[in-house]
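Taking it in order: structure first as structure tokens, then the write-up.
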């Protein structure tokens with residue numbers, strides 16, 4: 001399947017295909033798709049359309065075969081565009097719809113990102129059991145309302161306006177950091193283990209010359 005260039009026209013077309021159905025059904029909105037795919041392409045698991053496309057469409061029967069193919073191509077183009085920019089260490093340009101108060105809807109975007117972590121084969125936090133990795137997720141979880149639950153009748157986390165603004169500002173940076181954290185792990189050079197016994201410098205050279213190893217291949 002040929003990958004499209006994901007420009008403003010492509011984004012508008014994806015919104016046209018998805019957003020109207022998201023109002024009455026469990027289809028993802030375009031902003032949710034971005035958060036969802038951002039997480040999927042950041043981790044170690046392959047991007048397989050058979051896994052992520054049904055999650056985006058929700059009720060697949062709402063779309064005919066032509067629309068499903070078009071949505072798949074558009075989302076793949078979006079993912080390719082995001083990956084290219086992340087590889088160039090460009091901060092992601094995040095799309096936020098407005099919430100009921102008319103403010104950027106960080107909650108919905110971050111929840112779409114976190115939802116992706118629930119459907120991938122790899123448990124990120126088991127695979128990377130490091131506190132500094134987990135700390136990167138604090139803005140995503142806080143903005144996604146993970147700490148809004150009550151514990152013993154008290155809300156777990158209270159954020160003032162200044163703290164909230166800082167988390168919103170931090171979000172693109174931690175998304176880029178998470179991507180590169182995974183890249184460092186995925187691309188880590190593998191240690192080559194030598195087979196057989198180690199040859200001592202005073203042992204006969206294994207090449208069969210009859211000389212000591214230190215005077216032959218061990219020079």
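Laboratory data are not the source of any read-out in this text; all were calculated from the coordinates shown. From a predicted model like this one, the values you see are computed outputs, not experimental measurements. All Cβ positions, even for glycine, are placed from backbone atoms using ideal geometry, and neighbour counts span all protein chains on display.
Suppose R0 equals 35 Å; then what is the FRET efficiency for residue 169 and residue 50 from their Cβ-Cβ distance, rounded to the nearest 0.05?
It comes to 0.45.
For the range 58-169, take the convex hull of the Cα atoms, compute a quarter of its surface area, and give me that in nm², please.
Approximately 10.5 nm², given one-decimal rounding.
Using only the Cα atoms of the range 1-49, what do you get for the radius of gyration and for Dmax, in Å?
According to the Cα coordinates of the range 1-49, Rg and Dmax are 12.2, 33 Å.
Sorting check: for 5-11, 178-184, 141-147, which peptide has the highest mean count of neighbouring beta carbons within 10 Å, and how do the rest follow?
141-147, 178-184, 5-11
In a solvent-free Debye calculation with one equal scatterer on each Cα, what is log10 I(q)/I(0) for the range 1-98 at q = 0.12, 0.21 Å⁻¹, listed in the order of the q values?
Here the Debye-derived log intensity ratios amount to -0.35, -1.14.
Which peptide among 56-62, 45-51 comes first, and what is the full order, when sorted by highest mean count of other Cβ atoms within 10 Å?
Those peptides, ordered most packed to least, come out 56-62, 45-51.
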